[in-house]
1. Could you work out how far helix 407-420 tilts from the main Cα principal axis of the chain, as a 0 to 90 degree angle to the nearest 10?
2. Round to the nearest 10 and report in Å² the accessible area of ASP26, as given by a 1.4 Å probe over the protein chains' heavy atoms.
3. Can you give me the distance in nm between label points at THR51 and GLN367, each placed 7 Å from the Cα along the Cα-to-Cβ direction?
4. Calculate, for segment 1-94, the solvent-accessible area per residue in square angstrom, rolling a 1.4 angstrom probe over the heavy atoms of the protein chains.
5. Work out, step by step, the length gained on full extension between ARG894 and SER3: first 0.36 nm times the residue separation, then minus their alpha carbon distance; give nm to one decimal.
6. So for the pair GLU270, ASN773, with labels modelled 7 Å out along Cα→Cβ, what separation do we get in nm?
7. Expressed as a fraction of 2.2 N^0.38 Å, the rule-of-thumb size for a compact globular protein of N residues, what is the C-alpha radius of gyration of segment 517-625?
8. Which entries in LYS442/LYS849; LYS700/LYS811; LYS271/LYS292; LYS379/LYS811; LYS743/LYS855; LYS219/LYS271 show an alpha-carbon gap greater than 24 Å?
Amino acid sequence: MLSLGYDALYQALSPQIPASRLLHDDLSVLAFGADAGFYRLLPKLVVKAETESEVQLILRECCQRDLALTFRAAGTSLSGQAISDSVLVMLDQGWKKIEVLDNGDRIRMQPGVLGSAANAALSPMARKIGPDPASINSAMIGGIVANNAGGMCCGTEQNSYHTLASLRLILSDGTLLDTGDANSIAGFQASHADLLQRVSALAQRVRSDAELSARIRSKYKMKNTVGYSLNALLDFADPIKIIEHLMVGSEGTLGFISEITLLTVPDCAEKASALMIFPNIEQACRAVTAMKNCPVNAVELMDRAALRSVENKTGMPSYLKTLGQDVAALLVETRAPVEDRLLKNLKEIKSALAGFKTVIPTAFTRQLDEYSQLWDIRKGLFPSVGAVRETGTTVIIEDVAFPVPRLAEAVLDLQNLFAVHGYYDTIIFGHALEGSLHFVFKQDFNRPAEVERYSRFMDEVASLVVEKYDGSLKGEHGTGRNMAPFVEFEWGKKAYGVMREIKQLLDPKNLLNPGVILNDYPKAHLAHLKPLPPAHPLIDKCIECGFCEVHCVSNHLTLSARQRIVVYREIARLRASGEEQHRLAQLVDAYAYRGQETCATDGLCARGCPVEINTGELIKTLRHDQATGRAKHIAGFIGGHMSQVTAGARLGLRLVQVFQRILGNRFMGGMAGTLHSVSGHRIPLWNPFMPGGAPRLSTKSFAQTSGRKVVYFPSCITRCMGTSTGDGESMAVTEKTAALLLKAGYEIIYPEALDDLCCGMAFASKGFVEEGNRKAMELQQALLKASDNGNLPILCDMSPCLYRMKETLDKKLRLYEPIEFTLTFLAPYLTFKRLPETIAIHPVCSAKKMGLESKMIQLASLCAEKVVVPENNCCGFAGDRGFTYPELNRHGLRHLKEQLPADCSGGYSTSRTCEIGLSLHSGLHYKSILYLVDRCTEPKAG
């Protein structure tokens with residue numbers, strides 16, 4: 001139930017914003033109440049905004065009622081700047097338009113564009129955006145700019161502030177200003193003349209204060225995101241440009257950024273990296289100073305504790321374990337547009353470091369595998385701490401900045417502080433060229449004594465950074481709530497007063513993200529700390545960073561992977577405490593659909609997670625725990641009678657296809673929809689691309705003169721499903737695969753009792769783990785026998801089944817799905833002729849998890865002149881879930897059709913069920929990629 005003021009707001013917004021985007025139920029406010037920081041506030045109302053006009057409406061209505069509001073893009077900010085206990089305005093599914101300008105020299109983006117998507121759009125022009133935060137694959141450009149986020153390579157000259165070309169922004173009164181449009185500027189000058197005059201007067205006053213001006217310029221010689229961007233008052237005389245640049249780093253406290261145009265920077269193709277190990281931190285920092293004027297793009301400092309935290313991880317150089325206690329490392333990268341320039345860079349760097357001794361000889365590498373291994377050390381630092389922390393504790397990453405000449409001294413002082421306050425496992429790393437250091441430590445906020453320890457520690461960190469070094473308390477991560485109480489301490493009373501004036505000018509009612517950046521409460525950084533109660537071992541390491549969300553197909557539909565964990569933690573807490581049983585019942589009831597039924601359990605969330613949490617495993621575990629004895633008995637019966645079940649499925653599919661031909665798609669669709677609805681999702685929803693039954697497979701083997709043999713295990717899905725009406729194929733996948741194998745000269749060996757075999761995925765994904773494992777072991781024995789104990793390669797015609805087999809079966813089995821098998825075992829014996837066509841491919845989730853995306857493109861490019869790979873992440877069909885919860889499939893592929901060129905002749909994938917959903921939402925017939933391979937190949941002569 002909304003309170004009076006918020007109910008009035010809801011009523012005012014609802015004529016233009018549908019109820020599905022105005023959320024105030026308990027589960028929604030809980031799910032959206034968490035961001036990547038270690039604070040928690042629960043909003044009264046969550047509004048999913050889709051357009052500028054909606055944002056203007058929200059601002060006007062909130063202003064009229066004096067209701068505070070906070071804007072959120074991806075929610076990956078670390079300092080508590082994207083949470084609210086009032087109105088939380090979320091960027092919904094839109095806001096993703098990108099326009100590359102001036103041959104890549106500029107790029108115009110809406111705030112919902114991922115940083116990585118911007119770089120992908122610029123890649124053909126060998127350009128990229130300047131800011132390069134570690135979260136670039138998950139963070140949206142709106143948040144990147146609003147936080148003035150940095151990164152390893154952007155330094156202080158290529159951040160959002162210095163590469164900003166123009167903005168579209170909406171002020172607290174709902175006024176829209178486009179700083180790149182002369183008409184918009186003229187209109188704003190007429191309507192807001194008083195504001196512009198006051199901004200100009202403030203800037204003039206600051207410029208005339210020599211001491212304050214010098215202070216501001218000094219602060220921005222190093223990385224600094226504490227407070228507002230006061231350098232805008234010195235860098236620009238035009239009040240429009242001042243306002244424009246004040247928005248950078250303002251963390252949503254001055255207005256809403258609805259469009260950003262950035263100047264881009266070169267993305268050099270030639271790169272080389274080296275890991276330099278120095279005897280101690282002082283020598284490493286002296287080397288940083290020596291390279292300050294060299295052509296280096298990144299210099300990452302890592303102390304011994306940081307190196308130790310990753311030395312036992314797979315793929316790390318073995319010498320890390322042998323290093324002494326005092327060593328420190330620099331990971332150095334240099335880039336150039338051409339090889340000659342790169343070689344000159346390397347020569348210059350080596351010359352600058354000629355007087356330094358390293359523990360291990362330094363060698364730059366340009367080899368991709370070696371290069372990637374070095375950067376995996378750096379990328380693994382944060383997860384290494386997160387993975388070993390105690391349940392119930394969180395991981396905090398702080399970032400400070402020091403003058404580079406005093407960097408070594410500052411590191412030693414920080415290490416001493418860690419020891420004094422008992423943070424013995426803390427690691428230090430950072431962007432050394434700019435004096436920016438990150439330190440990561442474990443923190444327990446469940447006990448008052450631990451909160452007090454953290455408070456004392458942060459007070460001393462602030463004193464050290466500000467009083468001894470005149471550094472920055474936040475180099476990159478934004479002020480947020482975390483450093484808001486320390487802004488005046490760092491900047492001084494006069495500069496802080498200027499920030500207060502800026503806030504008063506642009507947000508006179510203090511309604512935009514109050515408590516962020518400016519906060520007079522000295523303990524604000526200790527308030528509203530996020531609880532992380534134990535919930536389940538599968539998810540207890542989650543810190544709710546949100547890196548998983550871009551991989552989650554149900555994000556923006558029901559719940560994201562992060563939100564599933566947030567809500568389940570609260571359910572677990574209520575169960576453990578016995579509190580609020582009525583609320584618990586409501587959460588459990590809502591979670592059944594939004595948390596469980598619409599989770600694809602594809603595991604892609606683990607790809608983005610720093611500690612590799614697979615939220616799908618939690619959902620499968622919950623399904624297992626909730627399965628009734630009767631349901632388990634039915635699963636066991638099906639597993640024990642697979643031959644009869646698949647035969648029945650083939651017959652049923654044939655009958656359905658007959659009815660389709662007789663009744664037509666329209667009548668069939670209406671009837672199927674009614675049955676699906678009346679049955680409560682129990683009867684699968686038919687669609688026109690549902691296949692007929694496959695013919696029963698002949699397992700007769702034919703000897704080949706080549707002597708080549710392969711074990712072919714057709715999945716139970718392809719043994720059931722044949723061709724779809726209108727797809728132009730006369731052979732089912734099983735028949736086509738067999739024909740292709742024979743074409744390449746292979747003798748096909750089928751496992752014994754094939755009709756009874758199944759990898760078990762269909763059972764395990766629904767929670768019937770025991771039956772799934774039993775079927776997997778049954779398959780294992782059959783394949784070991786058929787493959788001569790693993791000597792022969794084994795092909796499974798569906799990637800999802802093959803992935804399951806790789807996870808569960810004996811490692812001696814040589815298991816392949818269609819993509820890798822074709823490239824490895826068929827291509828040498830076939831002649832490919834590229835078809836003069838444009839085709840689309842969809843790497844399914846399991847293929848992505850096996851790292852086969854590039855190989856699928858390689859294979860498709862052998863077959864067709866133009867290959868398109870639409871950006872769809874997961875298709876959302878999720879086995880058979882596309883039949884029972886088709887909204888998940890529809891949501892996952894909502895942008896598929898618009899990405900397909902008009903001349904696209906067909907689509908190809910490696911999962912029969914995924915292909916049904918892909919066909920439905922594209923209008924093209926998607927098929928197994930083996931059909932494409934067969935079309936464009938002939939047996940190689942000889």
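1. 80 degrees
2. 50 Å²
3. Reported label-point gap for THR51 and GLN367 is 5.7 nm.
4. Counting only protein heavy atoms, the per-residue value for segment 1-94 is 32 Å².
5. 317.2 nm
6. Spacing of the two 7 Å Cα→Cβ label points: 5.6 nm.
7. With N residues counted in segment 517-625, Rg over 2.2 N^0.38 Å equals 1.16.
8. Details: LYS442/LYS849 30 Å; LYS700/LYS811 28 Å; LYS271/LYS292 18 Å; LYS379/LYS811 29 Å; LYS743/LYS855 22 Å; LYS219/LYS271 32 Å.
The pairs that break the limit, which is 24 Å between Cα atoms, are LYS442/LYS849; LYS700/LYS811; LYS379/LYS811; LYS219/LYS271.
The values are calculated or read from the model by the stated rules, or taken from the named source; none is laboratory data. Predicted model, so just to flag it, every value in this text is computed and none were measured. Virtual Cβ from ideal backbone geometry, glycine too; neighbours counted across all protein chains shown. Accessible surface areas use protein heavy atoms only, side chains included; no ligands, DNA or RNA. Shrake-Rupley method; radii C 1.70, N 1.55, O 1.52, S 1.80 Å.
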